[in-house]
1. Treating only the Cβ of Lys, Arg, Asp and Glu as charged (+1, +1, -1, -1), what charge dipole size does region B:87-177 show about its Cα centre? Round to the nearest 20 debye.
2. If we count other beta carbons within 10 Å of each Cβ, what is the order of A:LYS145, C:LYS4, A:LYS257, fewest first?
3. For region C:21-103, state the semi-axes of the equivalent ellipsoid (square roots of 5 times the eigenvalues of the alpha-carbon gyration tensor), sorted largest first and rounded to whole angstrom.
4. For chain C, what percent of Cα pairs sit more than 20 Å apart?
5. For chain B, what does the helix formula give at 222 nm: sum of -39500 (n - 2.57) over DSSP H segments with n ≥ 4, over the residue count, nearest 500 deg cm²/dmol?
6. Where nothing but the Cβ of Lys and Arg (+1) and of Asp and Glu (-1) is charged, how large is the charge dipole of region C:3-76 around its Cα centre, in debye to the nearest 20?
7. List the pairs from B:LYS4/C:LYS4; A:LYS147/B:LYS148; B:LYS148/C:LYS68; A:LYS147/B:LYS135 whose alpha-carbon separation is above 28 Å, in the order I gave them.
8. Net charge within 14 Å of C:LYS68 by Cβ-Cβ distance, Lys/Arg positive one each and Asp/Glu negative one each, not counting C:LYS68 itself?
Amino acid sequence: MSHPSIAEIKIPPVTPQTENQSAPVARLHGSPFTELPDNLYIPPDALQVILEETFEGPLDLLLYLIRKRNLDIMLVSIAEVTEQYLEYIALMENLKIELAAEYLLMAALLAEIKSRLLLPKPKESEGEEEDPRAELVRRLKEYEKFKQAAAEMDELPRMLRDQFPVYVDPDLPRRPPKLPQVTVEALAEAFRQVLQRASQLQHHTVARERLSVRERMSRILAGLQENGTVAFESLFSQTEGRAGAVVTFLALLELCKEGLVEVLQTEPLSPLQIQLPAG
Amino acid sequence: MNLKDIVEALLFASPEPLTLPQLLSLVEDEGVDRPTLEKVLEELAEDYQTRPLELARVASGYRFQVRKHLAPWVSRLFPEKVGRYSRALLETIAIIAYRQPVTRGDIEAIRGVVVSSNIIRTLQEREWIRVVGHKEVPGRPALYATTKRFLDDFNLQTLEQLPPIQLEQDEQADPEFAPPSQTTH
Amino acid sequence: MNLKDIVEALLFASPEPLTLPQLLSLVEDEGVDRPTLEKVLEELAEDYQTRPLELARVASGYRFQVRKHLAPWVSRLFPEKVGRYSRALLETIAIIAYRQPVTRGDIEAIRGVVVSSNIIRTLQEREWIRVVGHKEVPGRPALYATTKRFLDDFNLQTLEQLPPIQLEQDEQADPEFAPPSQTTH
């Protein structure tokens, strides 16, 4: 794009009937830097900041230019505003200030509108061909609606800015957490799956052990924790019968094998003592 | 037990606004019917007329809230949450609110500038907008719409309560620009 | 501006109780001193005497709370959530039940994955397992076994009532009092 040339196009002002001001002020061709458009008193080096922070884009800037002149968004004012807009863009270009692409795009659009307006219109097609300005006006009106809506929405009372939620402690008695219940079947199934997985993983059978033996092992260990040392005989109970004694004995053997208990005999033939290994 | 006390306590203790049906189900043991409950709510709103709190009705139901004129003091409790938003964000949420469902492209067409991802993210984090679908065009862009939370935060019950869009030079409102009539989903 | 209104609004809007110094700093612009603020708090507490809420002074400061007698209704807002035990937890308690006493290492060897401390803690808090000793290997790891509570909760009198495990490739279960088969780990 060659903007200076676009801006340099000299366009005769389009009969400004409702115009309450005189013709465009800035003559870019001669002294563009001294004669700023008189609607905006902005030092040139502040223009970029203004464009980026004050205006929400080219439509916003165009709207500003229109409003500044106290004009309606009317077809007649578009040419005027277009000129001023292009002057700004040219100014920015000359100052080598980087502009957002949208501003340049709008400049191109405006330049196109201008050039099309210059072309003589064939009488025949006048009705059919849309005025190139109409679309821009439509967009400007559309944008202005939402710009205004945004401003009005900002006026609405808003949570955490104007109003605030209330927090009141329910002060409920603390309830013990409700724990999920598990069935014994679920437990068995979980174990079966673990074993299944383990056996598949390890390529050998993880054999089942006598539960009763494992349980007795736990019970013996628990007893030792409470009482320290216990007598070997005290681990056996008459009421359990032979089977019970076997279980206890197997549990003891297993515990010894795993180094979980120590069996002591202070002297030959004296009673056996069972105790936890000395830590 | 005093029904008004129960309703008042429920509204204060609830972390979220309560709808009429929710309130009804919470007091159903008392054999309360809807008109009775509505009357109690009216009375409550009346009782709070002169208080620093007010009973408000928003999209998700009834809630107590601190009145606006106390914001200067109350906002000190939340120094990090400054309720200021950029014009770009406000314009974006306005377009989504009035024109939903819209794509980012739609918003950009109206605003004439690119919509930053930051703005969309902020609006989503705020739970003011959400993706309600995808437009069946190349790239299947997301379609954004406002949420119930958006209405709640702007003290609205429905989108129809949004300020009507009017322009100085428009003699009469363009019917096209009435806010969409459906309440947010 | 009415100081009582401001203090009331602050107490309602704060998610946490507010202490006297906090309240003082929030209204210091009003030139309020401590005795004045204390008096306002007293008055507020008085005002709420007949209301469903009360101004309470708890360890961390002042807060509004629902009066005790409304708990039956308010508690409905917070239904109890029944959690679900994870598969990892179920497998862990199953291994402890069938293989006790076991160390964490034993469980990990069988499950093939690390046992999280959370699971062990949950099982201990639930009083389903306890430490019955320490294995005499480096690090002396704790040996876990099930408790009486575990049997009670599963409606068992003894561990032997746990369902026998039938592995697919096992043709038959071991006879009751046969010597323990060699474990492979």
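Values in this text are rule-based calculations from the coordinates and carry no lab data. Given the structure is predicted, the values throughout are model-derived calculations rather than measurements. In this analysis, Cβ positions are derived from the backbone assuming ideal geometry, glycine residues included, and neighbour counts consider all displayed protein chains.
1. Working: 11 positive and 14 negative charges, 129 e Å.
I would put it at about 620 debye.
2. On the way: A:LYS145 21, C:LYS4 15, A:LYS257 9.
Least to most surrounded, the residues fall as A:LYS257, C:LYS4, A:LYS145.
3. Values: eigenvalues 498, 79, 21 Å².
After scaling each eigenvalue by five and taking roots: 50, 20, 10 Å.
4. On the way: 11920 of 17020 pairs.
Result for the distance tail: 70 percent.
5. Numbers: 8 runs with 72 residues, N = 185.
About -11000 deg cm²/dmol.
6. Values: 9 positive and 13 negative charges, 122 e Å.
Using Cβ point charges on Lys, Arg, Asp and Glu, region C:3-76 gives about 580 debye.
7. Values: B:LYS4/C:LYS4 24 Å; A:LYS147/B:LYS148 23 Å; B:LYS148/C:LYS68 33 Å; A:LYS147/B:LYS135 25 Å.
Listed pairs above 28 Å: B:LYS148/C:LYS68.
8. Details: positive: A:ARG174, C:ARG51, C:ARG67; negative: A:ASP169, A:ASP171, B:ASP5, C:GLU54.
With Lys, Arg at +1 and Asp, Glu at -1, the neighbours total -1.
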